[in-house]
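The values are calculated or read from the model by the stated rules, or taken from the named source; none is laboratory data. As the structure is a computational prediction, the values presented were derived from the model and not from experiment. Cβ placement follows ideal geometry from the backbone for every residue including glycine, while neighbour counts extend to all protein chains displayed. The area values use the complete protein model at the heavy-atom level, side chains included, leaving out ligands, DNA and RNA. Shrake-Rupley method; radii C 1.70, N 1.55, O 1.52, S 1.80 Å.
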Amino acid sequence: MEQEKLRRLEEKCIQDCAPPCTAACPVHVDVRSLTGHIARGDFSAALKLLRKTLPFPTIIGSICDQPCRSHCNRSLAGGSIEIAALERACAFTADTPAPKILVLPARDKRVAIVGGGLGGLTAAFDLRKKGYAVTVFEAAGSLGGSIRKVGGERLTPECIEGELAVLEAIGVEVELHTKADVFNLPDFDAVFAAPGAAGGSQYLPVDPITYATAREGLFAGGSLLRDAYSPILSVADGRRAAISIDRYLQNVSLTASRAGEGSLQSCLYTNMGSVKPAIAPPRSPNGFTIQEAVQEADRCLQCECLECVKVCRYLEAFGSYPKKYIRETYNNLSIVMGVRQSNALINSCSLCGLCAEVCPKGLDMGSVMSDARRIMIGQKRMPPSAHDFALRDMLFANSDASALCIPAPGKDSCEYLFFPGCQLSASAPEHVEKTYALLRDTFSADVGLMLGCCGAPADWAGRDDLLKQVLDDFSVQHRRMGSPRLILACPSCSRVFRRYLPEVETVSLWEVLEKSGAAPVAAPAREHVLSIHDPCSARNDGRLHESVRIIVTNFGYTIKELPLSRQKTTCCSYGGLMWFANAKVAREVIDRRIRESGDDYLTYCSMCRDLFASQGKRCLHLLDLLFENDVSSSSSRACPGWSQRRENRVQLKRRILTKLTGEVMTDDACEHQQEFFIAADVQAVLEQRFILAEDIRQVIAQAEQTGRKLVNPETGSTLAYHKLGCVTYWVEYSSTPGGAFSINNAYSHRMEIIEGVKS
Amino acid sequence: MTLDSANKAPWHCAACGIPLEKAKVQIAYLGSAFPVDLLRCSRCGIVFIPEELALTRMAEAEKILEDK
Amino acid sequence: MLYSTAAGQRHLCAMTGGIMRPGGFSLTDRAIASCSFPAKGRVLDAGCGTGIVVEHLRSHHGLLACGIDIATCASRPFAQASVYSLPVKTGALNGVLCECVLSLLPDAGRALREFGRVLAVDGYLILSDLYDREQQGCMRELLQCCGFSIILWEDHTKALRELGALMALQGLDHTTCLETKKSTGYYLAVARKDTC
């Protein structure tokens, strides 16, 4: 991933953007943290935070004109937060000693500030902290300028003196009753003219960004630039001038990267959908009491985006948000030598695209993670354990044992080709047979059948090599059938074909069934309420969503929509192979989805159905409505295990061949296949460990052929191991009187045994 | 070493007909090799990896080496 | 110390052939190879533990090596001393090794300045240690601030992971000592003392 692309992606995530209040504040007070501290009753932390931005928090808290308030999101639900009043409350409430202000080591440059108003004093404060010798010249007999006029009763002279005492404490020199001539201060290296509202326009023109004047070393700003007095803008002026003077004295660019100063438009999005209105508490005459302040601060919405994190358990599980994840992913990919650390983050995403749907900027973390996987594969850094079980399952689905491609009986080619997908064949093989028969009976006699996998697992794993191989093999078969139109039952197949073989015409089985009248029209209403889970790969297929709902309604069911459905549906955790890469998060994803409604679910992807069923959710596949009389028991059908899924595919192929072509499959493996039994409790353990009956068969076959095995003389049981692919499988088994074996246990590891054979 | 269970394991090599003996065996993963004490047939070299070693300690080591 | 309990240290010791840190002697040898020490160069192992590396430097590299450790040491050429105050004359050494020690010190800069004191100009400082891979600039800057030029900087996190894997295989808890943070890594550095 190039830096440029990375930055573009990072910019799309707005979670880091300042909230509207902070953006609007010309000195960017961190209001959100401030209210956070106050809401927790921590006034000291609040005041400490204020002092980071404001030199004189009590003064500002008392007289701030609050340009922030009109931008507060709370204004839409009960009125803007009383931000200045909260600042004032914490200035008066916090029991913190006067802060020790850090002054940098002295620099041999002197700055004159002409005018002791808020702007001049802020500049004096900022520049003194940077180590410059600063002298303030004030024509009047006291500092403060306009603040003494606008302060009113809230801001007593004692209060002002107390707050301004900090200037003396850090070593700012003050010359009162002194009318300095800004053009004639030869002892100073720079001058800031901040004459306040009374000052004329003698210094103009002033550069609006840097406040530099045409005269070398003379800067001017403050109320003279405005019609009305604004305390906070005066502070901002002082700060801007101080930055310019510091840069001027260090002889660096005055104009570089200053876009972040002053009032800005916030780019943070905050969802107000579930915000309940709340109004500010009544205020005591002298401002908020402690309790009132806490109550008011608690009204702050703590604005943030996190739209994607709220709906995605995966994004939530890694504890941060996309901007950080993108950076982490990029760091991971750019490590050439050494060791990575974000593989789990990259491999756990379901690539489902929900984040892009809910993101105000359309950022799709799925495409980030999909790219990242491809880069890792290219760098040969993908851990082998991440996806290989799923990829082996794909290869098996496309192997001779279970793959099939036949035209309609008695023909050489076909007009339509039904492609049910590898997981429907694995989960409900009898529904594949029935659907194929139904299609030929009611839709078109000229429908062929193709069993196999579309290559989605390779696409998810980022294995373009395997994907290409699957698609090439598909294309050969497809052409052999006369390039028929595909009828697809699985939305993931549909996505793969549309994306990678756009020239192949496809149609969804559900649209075909809806239009051909294969589903009943308006059956009598039933009591049964169903919630529809749209599969994530059908997210953008609005017509498909409609077809499915029409069919379900025609069967007489009442549909209750889930909160996240259609375009905003969630993934069942199988997408992107999350289920294999991160079992823990996958279980949480399933759990969160199945708790969204107590009603039975209906979906049209077998993997979604089976995974929900695996965690106890009553869930139907749309084909259950067509072919099952007892829908209630279908919805609690167990999720078949991995071995069973393979076996289902194999048997499906056999049955279809026998029925439609009269061909009896001869399977070489079948002849010398050793019979063995696995008790249900052992089978459950094997499923959990991703150990297939086929793996066990191979271990036993190898052990029995070569005699390389261990025996337990006490129990007579046998233990054997064999490396298949990159996994070593161990099987403990016993002989039964009938000559078959019974499996006691099996386990596996990936570490390789280097057997130091003694000769 | 935590090989008590392995030391007591009752496995004999079926081909050689002798009990397994404790030995240092190299196991490797992703380009890194490690010596571990395992029971092994001193004649043909067949080894025994107990279930506990495979499912906990080896699995953990695999995870570390895969940088998960 | 990568492992804080005595039992853990014994295991670690056994696993790493006594050297008790990632990479064993291989990292030390690699670093020595990138220095050009004179024959019988004087080298100090600061934080030498049992002194196994000192023996190695003497037997395999022909260096006049000695070691100090804050813990009691058996005998010469080892001395009990703090890395903040080495019992060595200014500018007396051709090399200082400090492996897996700096990260434990509250003031690494002070130790580095002390190493600078005892090293002759153009003397070598060899470091290997845990570091936060997200902030590797910190250590490099500190070295430069203390008067060293970095001539070799390598990430050896793989060796750290291998030690973690080995500990996991032995059933030891590797999480407390090796993987405090996801970004924890291991580096090898060689720096040369600048002229002034």
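With R₀ set to 60 Å, the beta-carbon distance separating residue A:168 from residue A:592 gives a calculated FRET efficiency near 0.50.
Expressed as a whole percent, the accessible surface of the range A:672-749 that belongs to carbon and sulfur atoms is 51, based on a 1.4 Å probe. Each of A:581, A:717, A:625 was placed along the dipole of chain A (beta-carbon charges, centred on the mean Cα), and the one lying farthest toward the positive end is A:581.
Label the range A:529-639 by shape, choosing from rounded, prolate and oblate, from the square roots a ≥ b ≥ c of the eigenvalues of the Cα gyration tensor; if a/c is under 1.5 it is rounded, and otherwise prolate applies when a/b is larger than b/c, oblate when it is not.
It comes out oblate by the Cα gyration axes.
For the range A:1-154, what is the relative contact order in percent, using Cα pairs closer than 8 Å and at least 6 residues apart in sequence? For the range A:1-154, the relative contact order is 18 percent. Run through every distinct alpha carbon pair of the range A:75-192 and return the Kirkwood hydrodynamic radius in angstroms, one decimal place. By the Kirkwood definition, the hydrodynamic radius is 16.0 Å.
Normalise the Debye intensity by I(0) for the range C:89-135, one equal point scatterer per Cα, no solvent, then take log10 at q = 0.16, 0.32 Å⁻¹ and round to two decimals. Here the Debye-derived log intensity ratios amount to -0.46, -1.17. A crude spin-label estimate for the pair residue A:310 and residue A:187, with each label 7 Å from Cα along the Cβ direction, gives 6.1 nm. Interface burial in the range A:354-400, defined as at least 20 Å² less accessible area with all protein chains than with the chain alone at a 1.4 Å probe, covers A:383, A:384, A:385. Note: relative contact order over the range A:672-749, using C-alpha pairs below 8 Å and six or more positions apart, is 34 percent. Per residue, the convex hull around the alpha carbon atoms of chain A comes to 247 Å³.
Output the Kirkwood hydrodynamic radius of the range A:211-251, Cα pairs only, in Å rounded to one decimal.
Hydrodynamic radius (Kirkwood, Cα only) of the range A:211-251 equals 10.8 Å.
Report the charge-dipole magnitude of the range A:150-282 in Debye, nearest 20, computed about the Cα centre from +1 at each Lys and Arg Cβ and -1 at each Asp and Glu Cβ.
720 debye
Note on chain A: with charges restricted to the Cβ of Lys and Arg (+1) and Asp and Glu (-1), its dipole about the Cα centre is near 460 debye. Considering only C:139, A:366, A:500, the residue lying farthest towards the positive end of the dipole of the protein assembly as shown is C:139, judged by Cα position with unit charges set on Cβ. Each 10 Å bin from zero holds the following percent of Cα-Cα pairs in the range A:309-378: 20, 57, 20, 3. The H on the amide N of residue C:186, modeled in the peptide plane, is under 5 Å from the matching H of C:131, C:156, C:157, each at least 5 residues off or on a different chain. The mean of 1/r over all distinct Cα pairs in the range A:431-476, once inverted, gives the Kirkwood hydrodynamic radius of 12.4 Å. Spacing of the modelled spin labels on residue A:252 and residue A:317, each 7 Å from Cα toward Cβ, amounts to 4.4 nm. Calculated on the alpha-carbon coordinates, the convex hull of the range A:394-516 measures out at 98 cubic angstrom per residue.
Note that chain A presents 43 Å² accessible area per residue, ligands and nucleic acids not counted, probe 1.4 Å. Working from the Cα coordinates of the range B:4-65, the gyration tensor eigenvalues give, after taking √(5λ), semi-axes of 23, 13, 9 Å in decreasing order. The Stokes-Einstein estimate for the range A:110-249, based on a Kirkwood radius over Cα pairs and taken at 25 °C with 0.890 mPa s viscosity, is a diffusion coefficient of 167 µm²/s. Where the alpha-carbon atoms of the range A:672-749 are placed on the principal axes, they occupy 29, 27, 27 Å, in descending order. Under a no-solvent Debye model with one identical scatterer per Cα of the range A:13-125, what's log10 I(q)/I(0) at q = 0.21 Å⁻¹? Cα-only, vacuum Debye calculation for the range A:13-125: -1.21. In whole percent, what relative contact order does chain A give with Cα contacts below 8 Å and a gap of six or more residues? Over chain A, the number comes to 10 percent. Across the options A:190, A:614, A:424, the greatest Cα extent toward the positive end of the charge dipole of chain A (unit charges at beta carbon of Lys, Arg, Asp, Glu) belongs to A:190. With the full set of protein chains in place, find how many percent of the accessible area of the range A:1-126 is carbon and sulfur; take the probe as 1.4 Å. Heavy-atom surface of the range A:1-126 belonging to carbon and sulfur, 1.4 Å probe: 52 percent.
Output the antiparallel fraction of DSSP beta bridges having both residues in the protein assembly as shown, as a percent to the nearest 5. Within the protein assembly as shown, antiparallel bridges account for around 50 percent of the total.
The angle between the Cα long axis of helix A:231-249 and the longest principal axis of the Cα atoms of chain A comes to about 90 degrees, rounded to the nearest 10. In a reduced charge model with +1 at each Lys and Arg Cβ and -1 at each Asp and Glu Cβ, the range A:672-749 shows a dipole moment near 260 debye about its Cα centre. Annotation: lysines with alpha-carbon distance below 25 angstrom to residue A:48 (same-chain offsets under eight excluded): A:100, A:129, A:130.
Compute the length gained on full extension between residue A:106 and residue A:554: take 0.36 nm times their separation in residues and subtract their Cα-Cα distance, giving the result in nm to one decimal.
152.9 nm is the gain from fully extending residue A:106 to residue A:554.
Summed over both chains, the accessible area lost when A and B associate is about 3000 Å², using a 1.4 Å probe.
Comparing the full protein assembly with the isolated chain, the residues of the range A:731-756 losing at least 10 square angstrom of accessible surface (1.4 Å probe) are A:732, A:745, A:747, A:748, A:749, A:750, A:751, A:752, A:753, A:754, A:755, A:756.
Please label the shape of the range A:251-328 as rounded, prolate or oblate, based on the square roots a ≥ b ≥ c of the eigenvalues of the alpha-carbon gyration tensor (a/c under 1.5 means rounded; beyond that, a/b larger than b/c means prolate, else oblate). Oblate.
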